[in-house]
Amino acid sequence: MDFILEWYKAFLTVGVAIVGAAALAWLRSTFVTKTTHEKLEQRLSVVESTIEEMPSSKDIHDLDKRLIEVSTKIDGLNPQLTDIKRLTDLLMENELRGTRNGD
């Protein structure tokens, strides 16, 4: 009993040191440091600004509707372009015949 009364302060000090070290180790493994937090915050702000600059679903939908309109107009021009190609082929054939005949 005398031994405990004589050394209790030392044991208490060592116990508090061990508990404190364990608490610090747990806190360090659970939470990030301030510099890491600042780096992550900066990365997050870059990602957020990039996302804000991206087109919205409404913009994409409007673009899709415009592309459908353009496709319809191109399909409407296809018969006219076919006629122009046919006329160009006839003119080319006529020119080639004229060259062979010596005109």
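The values are calculated or read from the model by the stated rules, or taken from the named source; none is laboratory data. Keep in mind it's a predicted model, so treat the numbers as computed, not measured. Note: accessible area is taken over every heavy atom of the protein model, side chains too, but ligands, DNA and RNA are not part of it. Shrake-Rupley method; radii C 1.70, N 1.55, O 1.52, S 1.80 Å.
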Expressed to one decimal in nm², the mean projection of the alpha carbon convex hull of the range 51-103 is 6.0
Taking a straight Cα-to-Cα line shorter than 18 Å from Lys65, and setting aside same-chain aspartates and glutamates fewer than 8 residues away, one finds Asp75
Semi-axes (Å, rounded, descending) of the ellipsoid equivalent to the chain per its C-alpha gyration tensor are 91, 18, 10
Here the range 35-43 yields Karplus 3J(HN,Hα) values (6.51, -1.76, 1.60; θ = phi - 60°; whole Hz; Gly and Pro given as x) of 5, 5, 4, 5, 5, 5, 5, 5, 4
Between the Cα axis of helix 2-30 and the main Cα principal axis of the chain, the angle (0 to 90°, nearest 10) is 10
Result for the chain: accessible area per residue, probe 1.4 angstrom, in square angstrom, of 98
